[in-house]
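Scroll down for the structure; my scribbles are underneath it.
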Amino acid sequence: MELPSYEKDHYELDNGEEIHREYPDSFWIPEAAKRESLKPGDIVKLIFRMEETKGSDEISVERMWVEVTEVNLPFYKGTLDNDPIDSDCVVCGQSVTFNPCHVIAIYEE
C-alpha cells in the first residue's frame, strides 16, 4: 500500500499527530491505541490537502469521513464517504490509503 501524494493523486493527508503536538490544547485526536486498532466498518475523519483542480497551484483543505475497508498495519484502506466542497481531485467512493497518524476523529454512534 502507498500513501497518496500530490504528484500521483493530486492530494495528500495531514498528519494529525503533528498538528496535535503543535496545538495540544485545541487540537484533540483519539488516543493512539484506538487509532491503531481500527477495523473494517469503522468511520474515521482525515484531513485532505488537495489541489482545487488537477495541476492547480491552489490548495483546498477539508476534513472528511472515510470508512475503513481494509487493515494491513501500518496502513489502512478506506472509502471516502463524501465529496469535497472545493476540489475535484477526490470524489465520494474513491479508495484512500492512510496511517493511524492521519486519523483525527473516530465516529461513534
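The values are calculated or read from the model by the stated rules, or taken from the named source; none is laboratory data. Because the structure is a prediction, the values reported are computed rather than measured. With ideal geometry, Cβ positions are generated from the backbone for all residues, glycine too; neighbour counts draw on all protein chains shown. The protein model used for the area step is the full one, side chains on, heavy atoms only, and it has no ligands, DNA or RNA in it. Shrake-Rupley method; radii C 1.70, N 1.55, O 1.52, S 1.80 Å.
When the residues of the stretch 56-86 are filtered to those that are exposed (fewer than 13 other Cβ atoms within 10 Å of the Cβ) and free of Cβ contacts under 8 Å to residues at least 24 places away in the same chain, the one that is farthest from residue 43 (Cα to Cα) is 57.
Residues of the stretch 30-50 being out of contact with any strand residue (DSSP E or B) (no Cβ under 7 Å at 6 or more places or on another chain) and either open to solvent by 50 Å² or more (accessible area, probe 1.4 Å) or modelled with pLDDT under 95 (or both), which ones? Working first, answer last.
Taking the stretch 30-50 and keeping what is out of contact with any strand residue (DSSP E or B) (no Cβ under 7 Å at 6 or more places or on another chain), we get 31-33, 35-37.
Within the stretch 30-50, 31, 33, 36, 37 meet the criteria.
Against the test of being touching a Leu at 6+ places or on another chain (Cβ under 8 Å), of a type in the set (Gly, Ala, Ser) and under 20 Å from residue 2 (Cα atoms), the options 93, 78 yield a single qualifying residue, 93. Considering the stretch 2-29, the residues that are under 19 Å from residue 77 (Cα atoms) and in contact with a helix residue (DSSP H, G or I) (Cβ under 9 Å, 6 or more places away or on another chain) include one that is surrounded by the most Cβ atoms within 10 Å (Cβ to Cβ), namely 16.
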